[in-house]
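Trainee: Take a look at this one; I'll ask things after.
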Amino acid sequence: MESVKLNPMLRRFPPKYAAPGDLPAFQLQGLQWTVSHAWKNSPFYRKRLQEAGVAPEGIRSLSDLSRLPFTGAEDLRDGYPLPLLSVPPREIVRIHSSSGTTGKRKILCYTQKDIDDWLDMFARCYEMAGLSREDRVQICVGYGLWTAGAGFQLGAEKFGAMTIPAGPGNLELQCTFLQDLKTTVLCCTASMGLLLAEEVNARGLRGRIALSKVILGAERTSDAMIATIKELLGVKEVYDIPGLTELYGPGTGLSCRAEAGIHYWADFYILEILDPETLQPVAPGEIGEMVYTTLSKEGAPLIRYRSRDLTRLIEGTCPCGCILPRHDRILGRSDDMVVFRGVNVYPGQVDEVLSRIDGVGSEYQALFHRGKDGKDTMTIKVERAPRLGEGADAALARAVAEEIKHNLMVSCSVEIASPGTLPRSEKKTRRIFDNRAI
Ligand code: ZN
């Protein structure tokens, strides 16, 4: 009957529901528990729920989720240090914190059950990535208040592999351990993975190491980064772990081994994809903001927490056989979104379209103007690839305009620039210029 064996790789840390059709009922139970737990134990949540006119007994179906109030980073800052605390403080066994780029840190707290759940989620990542207890896992991410070190390490221990908490940086030590301990799995950020891959290559260590997999986390990745890491380290499999400190940390999902998106652990949280302007669900497969509601988190539960991260859901059954649902990779931040002629335009989306066009260089800018007639226009400036001459510009401009029109449903004019002429910065390069309000 079933042509694909469901969850073939998840024997020890399987989904908590048996078939895709069982997920809504499972999530509803968790949602009811969360709303009731927050109502009873958190003055912050009770006030918010009262303001929204929702009481726990009003949650009767998953569609009632849409009646719940939103929360966000500003709530964590305004109520610093522990606004979402929903248990007596003595129940808290762990604090983590993310270094906010602006203002105060975000502080999150965990009960022992929260930690246990997180480690089960993380162990599931390792199982889904095909590890066995014979594997040796070298963890080169930051430790301490940051969630990555604790998550990667304790998750690997829970799974039962040998863990090597090497920490970030220190390429000398990393290379020594790769050779002496015959590490088979490397866990790191994409930038660290690239650095280490280049170092291994420069030292000619390829034949003396035993790496077979790389698991990336805590940073946005691109196909180009992954391809370079694979090539330089000689590994076949590179996985990507998404994560958000407010949720638990990394380990709440894993990229699919069939390279068909990121499976996320829907038995621990509900993921909504909403239009960041209207806060209504986007059409299936459309890009929107990731909004999280936890199903069993005790210490600091999340109710419709706006992450500002953008992605889209991937519909249908995954060829890998896993029943856990999927989303695409993170496509940018909703703070960078521009509304142009009624259409939401995201930097990550422009990025994605341009990266598929042959002959386009690595830098671009999207500029938005308002004419005297009140009409908005968009101009895309892109660099031509270094191998091409100016003679190619007209055809390239046509290709860019067509692809943008086809994918974003908006028209634009295109200017082609010479390679290396658009500004670059070591930090975050600004690529979207909305000049309409000026
Ligand atoms: Zn899959």
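The values are calculated or read from the model by the stated rules, or taken from the named source; none is laboratory data. Owing to the predicted nature of the structure, the values given are computational and were not obtained by experimental measurement. For neighbour counting, all protein chains shown are included, and Cβ atoms are generated from backbone atoms with ideal geometry for every residue, glycine included. For the accessible areas, the whole protein counts, side chains as well, though only heavy atoms, and no ligand, DNA or RNA atoms are used. Shrake-Rupley method; radii C 1.70, N 1.55, O 1.52, S 1.80 Å.
Trainee: At 7 Å along Cα-to-Cβ for each site, give me the label-to-label distance between residue 180 and residue 375 in nm.
Mentor: 7.0 nm
Trainee: Round to the nearest 0.05 the FRET efficiency obtained for residue 315 and residue 279 when R0 = 30 Å and r is the Cβ-Cβ distance.
Mentor: 0.90
Trainee: Using a probe of 1.4 angstrom, how much of the accessible area of the chain is carbon and sulfur, in percent?
Mentor: Roughly 51 percent, rounded to a whole number.
Trainee: Hey, got the dipole for the chain? About the Cα centre, +1 on K and R Cβ, -1 on D and E Cβ, debye to the nearest 20?
Mentor: Here the chain has a charge dipole of around 560 debye.
Trainee: Here's another thing I want to ask about it. Have a look at 353, 367, 380 and report the one farthest towards the positive end of the charge dipole of segment 338-434, computed about the Cα centre with Cβ charges (Lys/Arg +1, Asp/Glu -1).
Mentor: Comparing the listed Cα positions along the dipole, 367 ranks first.
Trainee: Using 1/(1 + (r/R0)^6) with R0 = 30 angstrom and r between the beta carbons of residue 74 and residue 351, what's the FRET efficiency to the nearest 0.05?
Mentor: 0.65
Trainee: Still on this structure: Rg and Dmax in Å for segment 29-98, alpha carbons only: what are they?
Mentor: According to the Cα coordinates of segment 29-98, Rg and Dmax are 12.9, 35 Å.
Trainee: Follow-up. Roughly how many nanometres apart are two label points built 7 Å out from the Cα toward the Cβ at residue 46 and residue 60?
Mentor: So the two model labels end up 2.5 nm from each other.
Trainee: Also: Would you kindly find the accessible area of residue 40, with a 1.4 Å probe and non-protein molecules such as ligands, DNA and RNA excluded, rounding to the nearest 10 Å²?
Mentor: About 140 Å², ignoring ligands and nucleic acids.
Trainee: I need the calculated FRET efficiency for the pair residue 94 and residue 343, taking r as the beta carbon distance and R₀ as 41 Å, to the nearest 0.05.
Mentor: Plugging the Cβ-Cβ distance into 1/(1 + (r/R0)^6) gives 0.40.
Trainee: Along the charge dipole of segment 31-106, pointing to its positive end and built from +1/-1 on Cβ of Lys, Arg, Asp and Glu, which listed residue (72, 92, 56) has its Cα farthest out?
Mentor: So the residue furthest toward the plus end is 92.
Trainee: Can you tell me, using C-alpha contacts under 8 Å and at least 6 residues apart, the relative contact order of segment 187-296 as a whole percent?
Mentor: Relative contact order of segment 187-296: 18 percent.
Trainee: Here's another thing I want to ask about it. Any idea what log10 I(q)/I(0) is at q = 0.16, 0.19, 0.22 Å⁻¹ for segment 338-434, Debye with uniform C-alpha scatterers and no solvent?
Mentor: Each listed q corresponds, in turn, to -0.65, -0.90, -1.17.
Trainee: Here is a further query. Could you give the accessible area per residue of the chain, probe 1.4 Å, as a whole number in Å²?
Mentor: 45 Å²
Trainee: Need the full-extension length gain, residue 191 to residue 12, defined as separation in residues times 0.36 nm minus the C-alpha distance. One decimal, nm.
Mentor: Answer, rounded to one decimal: 61.3 nm.
Trainee: OK, next. Where in segment 317-335 is the amide nitrogen less than 18 Å from a point lying 7 Å along the Cα-to-Cβ axis of residue 227?
Mentor: The answer is 329, whose backbone nitrogens lie closer than 18 Å to the label point.
Trainee: Normalise the Cα radius of gyration of the chain by 2.2 N^0.38 Å (N = residues in it) and let me know the number.
Mentor: This ratio for the chain stands at 1.04.
Trainee: With respect to the cross-link table entries 113/158; 182/213; 16/213, which display a Cα-Cα separation exceeding 18 Å?
Mentor: Pairs exceeding 18 Å: 16/213.
Trainee: Continuing with this model, one more query. Could you pull the Rg and Dmax for segment 82-148, using just the Cα atoms, both in Å?
Mentor: Calculated on Cα positions, Rg and Dmax stand at 14.9, 44 Å.
Trainee: Within the P(r) computed for segment 275-422, what percentage of the Cα pairs occupies the region above 24 Å?
Mentor: 45 percent
Trainee: If you don't mind, there's one more thing I want to ask. Using only the Cα atoms of segment 145-224, what are the Rg and Dmax in Å?
Mentor: For segment 145-224, the Cα-based Rg and Dmax read 12.5, 36 Å.
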